[in-house]
Amino acid sequence: TTYCRSKPAPQGCSETSKGFSKSRPNAPVSSFEVKASQVGDQAGRGIFAKVDIPKGAYIGVDQSMNSITVTPTTYGIISSHVEEYDEAAGLDAVVEFLWGYGFESNLYGESSYVVDSTILTFVNHGCNGTYNAATETTIGTEMTVNADEFDADYFSHDPYNLAVARHLPHSQNSGTFALRDIKAGEEILNNYLDFTSSEKHWKADVLDLRNQCL
C-alpha cells in the first residue's frame, strides 16, 4: 500500500493492473453454459452467454482465483521427468492437459502454465478478429500480426515489481473483459494469441491459428 502511494505512482499500481477493479461489473461463471461450438465442425464444446453482458464487464472473475497454476519449477520437474524416465510416461497426459487447456504465462519470470478450473476453459478462439472477450490491449489477430516478430514489450512483466508481485495470481487470472455488449445466446470467443508469452512458441502459434482460421 505504501509503495503505491508514492508520487508519481509506480508502474503496476492501477486497479486494473492488480487484476481487479471494484468499479467494473462482473459476469459470474453462472452466466455461462457449455454447448456445441458454432465456430466450426472441429471446435467441439464452446461457452455461451445465458444473459446479456455489458461491454467492459469481467468474464468470470468471481472464480478466477481457483485456476490451476503450475509454477516454472513444477513444470520443469514434470518436463524433465517425462524426457529422462520411462517410468514417468504417465506424466505425458499432464503435459498434454496443460498444453491443450492451459496457457503459458511469464509473470513468474519464467514459463508457468495456468488452467481455468471452470467451464470457461472451453472458450474458443475467434478467428479474424471475431472474438468478443479478450484483454483490453489485445495484441491483434492471427492474420494481422507478424509471425516473425515477437513483441517482447507487450508480453513482458516485471516479477520484481512490488505491486505486481503482491497481486500476481489476480493479474495472471483476471484479464478477460467483454469487448462489446454480448447478447444472451452468443458464443464467447477470445484471442488465443494473448495467451502466447513465449518467443519460441510465437511463430508456431500464429501459423497454427492461421491454418485453423482459413
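At a glance:
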quantity: Hey, Asn106 modelled with pLDDT under 85 and within 30 Å of Ala152 (Cα to Cα) or not; calculated: yes
quantity: Condition check for Asp151: modelled with pLDDT under 80, open to solvent by 30 Å² or more (accessible area, probe 1.4 Å) and more than 16 Å from Ser111 (Cβ to Cβ); calculated: yes
quantity: Selected residue [buried (at least 16 other Cβ atoms within 10 Å of the Cβ), of a type in the set (D, E, K, R) and within 29 Å of Arg210 (Cα to Cα)] from Glu104, Glu96; calculated: Glu104
quantity: The one condition in (1) under 15 Å from Ser67 (Cα atoms); (2) over 12 Å from the mean Cα position of the chain (by Cα) that Phe103 fails to fulfil; calculated: (2)
quantity: Within region 169-214, considering residues that are modelled with pLDDT under 90 and assigned to a loop (DSSP other than H, G, I, E, B), the one most open to solvent (accessible area, probe 1.4 Å); calculated: Leu214
quantity: Residue that is farthest from Ser21 (Cα to Cα) [pool: residues in region 60-75 that are out of contact with any helix residue (DSSP H, G or I) (no Cβ under 7 Å at 6 or more places or on another chain) and open to solvent by less than 40 Å² (accessible area, probe 1.4 Å)]; calculated: Tyr75
quantity: Selection count where residues are closer than 16 Å to Arg180 by Cβ and open to solvent by 30 Å² or more (accessible area, probe 1.4 Å), scope region 36-59; calculated: 4
quantity: Matching residues, region 128-147, being in a helix (DSSP H, G or I) and either more than 25 Å from Gln38 (Cα to Cα) or open to solvent by 40 Å² or more (accessible area, probe 1.4 Å) (or both); calculated: Asn128
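The values are calculated or read from the model by the stated rules, or taken from the named source; none is laboratory data. Only a predicted model underlies this, so the values are computations on that prediction, with no experimental measurement involved. Here Cβ is always computed from backbone atoms with ideal geometry, including for glycine, and neighbour counts include all displayed protein chains. Accessible surface areas use protein heavy atoms only, side chains included; no ligands, DNA or RNA. Shrake-Rupley method; radii C 1.70, N 1.55, O 1.52, S 1.80 Å.
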